[in-house]
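Right, one structure below, let's go through it.
The values are calculated or read from the model by the stated rules, or taken from the named source; none is laboratory data. Please read these numbers as outputs of a predicted model, since none were measured by experiment. Counting neighbours? That spans all protein chains shown, and the Cβs are built from the backbone with ideal geometry, glycine included.
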Amino acid sequence: MNAPESDRLAAGAPSPRERFSPDWLSRREWLDARSRSHRLTGRAADWLAARPGGHGGPYGIVDLGCGSGSNLRFLAPRLPGPQRWRLVDHDPSLLALARRQGATLRDAIGERLVIEACCRDLSPVDDALMADADLVVASALFDLVSRSWVESLVTACVARRQALLFTLSVDGDWAFLDAAGQRIEDEEDIAVRTLFQAHQRRDKGLGPALGGEAPAVLVAAMAATGYRVESAATPWHLAAGESELLPLAEPLVQGWHDAALAQAPEEQPLLERWRASRLDGLAAGELGLTVGHRDLLALPPLLPGGA
Ligand SMILES: C[S@@+](CC[C@H](N)C(=O)[O-])C[C@H]1O[C@@H](n2cnc3c(N)ncnc32)[C@H](O)[C@@H]1O
């Protein structure tokens, strides 16, 4: 799930260049870590450890749209070392946070990381950024990019037989849960969600945005490459009354409201009523929520002889 509109606007960025507040990225980090597929992370670690081609030196990992370094903090201790990271983002303040916090991290064998921060726009895809990578990673990025951007990225990575681990791509779904954890299908929620999904597809600076289509487009782009592709559902689940629910749920509901309002200003009265009632339900411990995401791991085809 990407940052609510209110958070992005609070960061003061000119549209459509996407800016994300460090506060929002920090609030979601623990839930991202809880939701991610640990199985796919483990498979990526195993692939790196047996790195095909057998070239020496540290494992090269590139994190596209690294933000304040959440993906780095999750992955570094779970991947074999030594590791050399290239962090890429167009936001210098997020990049500085990622680099500073990365300085204290250790890989799975207890060694410090080599980290290079690269402040630049991801458009167009520049394969020189990934030139020396074994593994290309990105987290919570693909709803912002276009189909052609994905296709260019996949072409560049496949040409170098790089592995890909793309995590927490939103699939456009979200819903409230009742106190028993059951999904609530409410007509007003569905109407707001539909407006939100349309808003997600607006251009965010990397072409017409994929929004919730991102996981399916990633799988389709990988399908013809011969790569071994695995995907896992990695939804956020926040139960009604869960102590950490409100710091995330409030900005999410606000963001869904703001996006829907931007799509349909004439629906303002309904949207304000909807927001107030859902925030009341969350605060009273009557509502939880779920937000759909998927992780994807794509590994190069085995060479003759099994490498
Ligand atoms: C939702 S945040 C995810 C950050 C981080 N990967 C995480 O999981 O916390 C998306 C990130 O993509 C970056 N981003 C968005 N559009 C970009 C672009 N055109 N060029 C470079 N970075 C971009 C943003 O600055 C932000 O850090």
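Taking the criterion of being outside any loop (DSSP other than H, G, I, E, B), within 17 Å of the chain's Cα centre (by Cα) and of a type in the set (Gly, Ala, Ser), would at least one residue in segment 172-186 satisfy it? Scanning segment 172-186, I find at least one residue that is outside any loop (DSSP other than H, G, I, E, B), within 17 Å of the chain's Cα centre (by Cα) and of a type in the set (Gly, Ala, Ser), so the answer is yes.
Of the residues making up segment 257-301, those that are part of a loop (DSSP other than H, G, I, E, B) and closer than 30 Å to residue 224 by Cα number 2. Only a single criterion out of (1) farther than 26 Å from residue 46 by Cβ; (2) among the aromatic types (Phe, Trp, Tyr); (3) outside any helix (DSSP H, G or I) is not satisfied by residue 196, namely (3).
Considering each of 156, 131 in turn, give the residue that is farther than 21 Å from residue 203 by Cβ and surrounded by fewer than 17 Cβ atoms within 10 Å (Cβ to Cβ).
On inspection, the qualifying residue turns out to be 131.
The set of residues in segment 94-128 being in contact (Cβ under 8 Å) with a residue 60 or more places away in the chain and either among the β-branched types (Val, Ile, Thr) or exposed (fewer than 13 other Cβ atoms within 10 Å of the Cβ) (or both) consists of 121 alone. Could you please give the count of residues in segment 187-226 that are modelled with pLDDT of 95 or more and among the charged types (D, E, K, R)? Summing the residues that are modelled with pLDDT of 95 or more and among the charged types (D, E, K, R) in segment 187-226 gives 5. Could you tell me whether residue 166 is among the aromatic types (Phe, Trp, Tyr), under 11 Å from residue 64 (Cα atoms) and within 10 Å of the ligand (Cβ to nearest atom)? No; evaluated as a whole, the condition is false for this residue.
Note on segment 67-114: residues that are more than 15 Å from the chain's Cα centre (by Cα) and more than 9 Å from the ligand (Cβ to nearest atom) total 31.
Yes or no: segment 221-235 includes at least one residue that is out of contact with any strand residue (DSSP E or B) (no Cβ under 9 Å at 6 or more places or on another chain), among the hydroxyl-bearing types (Ser, Thr, Tyr) and not in a strand (DSSP E or B). Scanning segment 221-235, I find no residue that is out of contact with any strand residue (DSSP E or B) (no Cβ under 9 Å at 6 or more places or on another chain), among the hydroxyl-bearing types (Ser, Thr, Tyr) and not in a strand (DSSP E or B), so the answer is no. Kindly establish whether residue 240 is closer than 30 Å to residue 180 by Cβ, among the aliphatic types (A, V, I, L, M) and part of a loop (DSSP other than H, G, I, E, B). In short, yes.
Output the residue which, of all residues in segment 268-287 that are charged (D, E, K, R) and surrounded by fewer than 17 Cβ atoms within 10 Å (Cβ to Cβ), is nearest to residue 298 (Cα to Cα).
My answer is 286.
Scanning segment 197-247 for residues that are among the charged types (D, E, K, R) and over 28 Å from residue 121 (Cβ atoms) gives 228, 230, 242, 244.
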